[in-house]
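For reference, the structure discussed in these notes is given below.
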Amino acid sequence: MRTFQTLGLLLTYPTADLLTALPELRQVLQAEEALSAPHHQSLEPVFKHLTHTPLLDAQEGYVALFDRHPGLSLHLFEHVYGESRDRGQALAELADLYAASDLFLTNGETPDYLPAFLEFMAGQPEKEARRLLGEVGHILLLLAERLEQRQNVYAPVLKALCSLCEPHPEANRVAAAAAINPDIEPDPEATWAEPEAFPNPGCASNSLKPLPSKPTHVTIEEPHHG
């Protein structure tokens with residue numbers, strides 16, 4: 001279902017190519033009708049923001065929001081494993097899962113980057129994709145709530161994703177993720193850099209490859225503490 005990939009693209013770093021594709025992205029969402037009318041309406045400010053905000057301003061705002069606020073990170077495992085070493089193993093396993101479907105990441109992103117995860121799901125049957133989204137639904141709801149508190153224009157994208165989860169995110173799991181990765185103001189003097197996407201740099205390509213319609217299973221579990 002292309003709706004997953006489309007919502008993921010709305011959450012990517014703004015580029016000239018993304019701005020050019022906005023009319024097509026809107027058409028995809030309207031054509032598939034996976035979202036309710038209220039969610040379609042709530043997404044309009046996002047399209048207007050990306051359309052009318054100068055590109056450099058949109059890029060600076062995106063970096064300040066998602067890259068410099070750990071509590072708003074679009075890297076899913078940061079809300080599951082925090083700084084635990086378990087995250088590295090989970091990333092490697094997710095990368096292997098992508099590779100099995102001929103999907104390779106690029107641009108220095110890690111496999112748990114939400115837009116990449118959504119593109120992966122776009123190649124799965126709809127029922128399975130909704131189940132996959134439900135595995136991280138508590139993280140999506142946490143991000144949606146934090147963005148809503150800031151009255152940020154991206155909040156409706158996360159809310160729309162939450163509406164596609166099956167089952168709906170559980171409040172107790174949201175609280176657990178919030179405890180692992182609390183929403184605190186970043187250190188203005190900190191240096192921000194994401195780790196490499198894969199342990200072996202030879203695995204990366206220059207783009208996300210087309211996805212096959214091959215069902216698979218992804219389970220993102222909470223870390224076990226002994």
Of the candidates PHE104, PHE117, the one satisfying the condition of being surrounded by fewer than 23 Cβ atoms within 10 Å (Cβ to Cβ) and aromatic (Phe, Trp, Tyr) is PHE104
Return the pair list, or none, for Cβ contacts closer than 7 Å from residues in the stretch 38-56 that are in contact (Cβ under 8 Å) with a residue 60 or more places away in the chain to residues that are of a type in the set (Ser, Thr, Tyr), at least 6 apart or on different chains. HIS39/SER163; VAL46/TYR154
May I ask you to list the residues in the stretch 14-33 that are modelled with pLDDT under 95 and either in a loop (DSSP other than H, G, I, E, B) or within 15 Å of GLU60 (Cα to Cα) (or both)? GLU33
Per the filter on the stretch 109-156, residues closer than 18 Å to HIS49 by Cβ and in contact with a strand residue (DSSP E or B) (Cβ under 9 Å, 6 or more places away or on another chain) are none
So how many residues does the stretch 114-172 have that are closer than 18 Å to ARG2 by Cα and aliphatic (A, V, I, L, M)? 13
Mind checking whether some residue in the stretch 61-79 is in contact with a Ser or Thr (Cβ under 7 Å, 6 or more places away or on another chain) and either loosely packed, with under 14 Cβ neighbours inside 10 Å or not in a helix (DSSP H, G or I) (or both)? yes
Out of all the residues in the stretch 120-148, which are buried (at least 22 other Cβ atoms within 10 Å of the Cβ), free of Cβ contacts under 8 Å to residues at least 40 places away in the same chain and not hydrophobic (A, V, I, L, M, F, W, C)? GLY137, HIS138
Hits in the stretch 9-52 - residues which are over 24 Å from HIS75 (Cβ atoms) and polar (S, T, N, Q): THR20, GLN27, GLN30, SER36, GLN41, SER42, THR51
For the structure I just gave you, tell me whether ASP57 is at negative phi and either in contact with a helix residue (DSSP H, G or I) (Cβ under 8 Å, 6 or more places away or on another chain) or modelled with pLDDT under 95 (or both). no
In this structure, is VAL63 within 18 Å of CYS162 (Cβ to Cβ) and β-branched (Val, Ile, Thr)? no
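The values are calculated or read from the model by the stated rules, or taken from the named source; none is laboratory data. Source: prediction; values computed, not measured. As a convention, Cβ positions derive from the backbone with ideal geometry for all residues, glycine included, and neighbour counts pool all protein chains shown.
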